[in-house]
Amino acid sequence: MMKKPAFKAAPNLFALLTLMLICITGPTAHGGTQPTLRIALLPIPDVLPVFVAEEKGYFKEAGIRVETIPVGSALERDQLMQAGRIDAMVNEISGTASFNRDKVRMKIVAVARAPKGDSPLFRILSSPGSGITTPAQLAGVPIAVSKNTVIEYLTDRLLGEKGLSQDEIIKKSVPVLPERMQLLLSGQIEAATLPDPLAFAAMKAGAHVVMDDTRAPLYSASVLSVSADTLTRHEQAVDAFVNAWMKAAQDLNADPESFRPLMLKKIRVPKNVRQTFAIPPFPVDTVPSAEQWDDVMAWMTAKGLLKSPIAYDTSVVTGRPKE
């Protein structure tokens, strides 16, 4: 018996391979292949909405994949962005401006966290035995900070709000946060600016709060920044990601305590405050104001970190579509 030509089986083979490909990649809710957004995350409260959205399945519902990449420092996070290995990160206004000093490399698409109520991002603290309780008492006293960062910016602005001149604000460089906290608690330095929840833990260990950024919220915000290239290539995916983030932020605001186990799993919280550090409120669908941006530009230019101010509308995305 004559064999049938082999090529007649090809259509069936092609159909089988197509079916296998669909099963492997999976269709999205919008059709097509799911893009993957890679986001670098420090273990800080500001990034908690990502993990809530992941746990709740909001990214999958939105038809996107999100790869969370844990980082141990801001330097490591920034190096990943410079190398093009991530699409997004949570940082500060000054950090985005630094990336954009020569050309626009990233854009802010949302405020990740801002001081509100009893939940500051940063506190200026004095050591337990210093006797310092007011901003005026910090005139001429070295304050431990990380130089040329949001920490130094906030220290300048918060104390300036209370009438201290730049000559009276003395800063000492202690870039490593745990070391800064230990030096403060041991009395080897009299004052330091620390982020929560580390600052909250220092308070519980005896440090005094001199001032925090809830008193001057204009100067403080963490932001969600996305590479300009990713925004160009995957604008709809970025919008879907931000909408999923905001949905998670609303969940957190509605019932924060229900997410404590998740926070303790994903966020670095000192042992002495694991059950007492309050899960902070999260902004929903906001971006930094032009006033906030311009003040950071003025500080960075005065410090020589920028040759000239960067325009707000080049680095902040406004009018983003919402669900």
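Data overview
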{"item": "LEU75, sole failed condition from (1) among the hydrophobic types (A, V, I, L, M, F, W, C); (2) without any contact (Cβ under 8 Å) to a residue 24 or more places away in the chain; (3) touching a helix residue (DSSP H, G or I) at 6+ places or on another chain (Cβ under 6 Å)", "result": "(3)"}
{"item": "Region 60-86 - residue that is in a helix (DSSP H, G or I) and of a type in the set (A, V, I, L, M, F, W, C) and, of those, nearest to ALA228 (Cα to Cα)", "result": "MET81"}
{"item": "Close pairs from region 192-216: first in contact (Cβ under 8 Å) with a residue 24 or more places away in the chain, partner part of a strand (DSSP E or B) and among the polar types (S, T, N, Q), Cβ under 9 Å, at least 6 apart", "result": "ALA192/SER126; ASP196/SER119; ALA199/THR193; ALA207/SER126; HIS208/SER126; VAL209/SER126; VAL210/SER126; THR214/SER119"}
{"item": "Given (1) touching a Phe, Trp or Tyr at 6+ places or on another chain (Cβ under 7 Å); (2) free of Cβ contacts under 8 Å to residues at least 60 places away in the same chain; (3) not hydroxyl-bearing (Ser, Thr, Tyr), index of the condition PRO142 fails", "result": "(1)"}
{"item": "Residue list for region 295-322, restricted to those being farther than 16 Å from VAL226 by Cα and surrounded by 15 or more Cβ atoms within 10 Å (Cβ to Cβ)", "result": "ASP295, VAL296, MET297, TRP299, MET300, THR301, LEU305, LEU306, ILE310"}
{"item": "Residue match in region 88-109 (condition: at pLDDT below 95 and at positive phi)", "result": "no"}
{"item": "Failed criterion for MET89 (all others in (1) over 14 Å from the mean Cα position of the chain (by Cα); (2) outside any helix (DSSP H, G or I) hold)", "result": "(1)"}
{"item": "Qualifying positions in region 92-124 - in contact with a Ser or Thr (Cβ under 6 Å, 6 or more places away or on another chain), outside any strand (DSSP E or B), farther than 22 Å from THR232 by Cα and not aliphatic (A, V, I, L, M)", "result": "PRO115, PRO120"}
{"item": "Those residues of region 138-162 which are open to solvent by 60 Å² or more (accessible area, probe 1.4 Å) and under 20 Å from THR214 (Cβ atoms), in sequence order", "result": "GLU161, LYS162"}
{"item": "Residue count for region 257-291, restricted to those that are farther than 16 Å from ALA112 by Cα and open to solvent by less than 50 Å² (accessible area, probe 1.4 Å)", "result": "9"}
{"item": "Matching residues in region 116-137 - criterion: being surrounded by 15 or more Cβ atoms within 10 Å (Cβ to Cβ) and within 16 Å of ALA202 (Cα to Cα)", "result": "SER119, PRO120, LEU121, PHE122, ARG123, ILE124, LEU125, SER126, SER127, PRO128, SER130, ILE132"}
{"item": "Enumerated strands (runs of 3 or more DSSP E) restricted to region 144-229, each holding at least 1 residues that are under 21 Å from the mean Cα position of the chain (by Cα)", "result": "191-195, 208-212, 222-227"}
{"item": "Residue that is nearest to ALA88 (Cα to Cα), among those in region 16-70 that are touching an Asp or Glu at 6+ places or on another chain (Cβ under 8 Å) and at pLDDT below 95", "result": "THR36"}
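The values are calculated or read from the model by the stated rules, or taken from the named source; none is laboratory data. These numbers come from a predicted model, not from an experiment. FYI the Cβ positions are ideal-geometry reconstructions off the backbone, even for glycines, and counts take in every protein chain you see. Side chains are part of the model used for accessible areas, which takes the heavy atoms of the whole protein and leaves out ligands, DNA and RNA. Shrake-Rupley method; radii C 1.70, N 1.55, O 1.52, S 1.80 Å.
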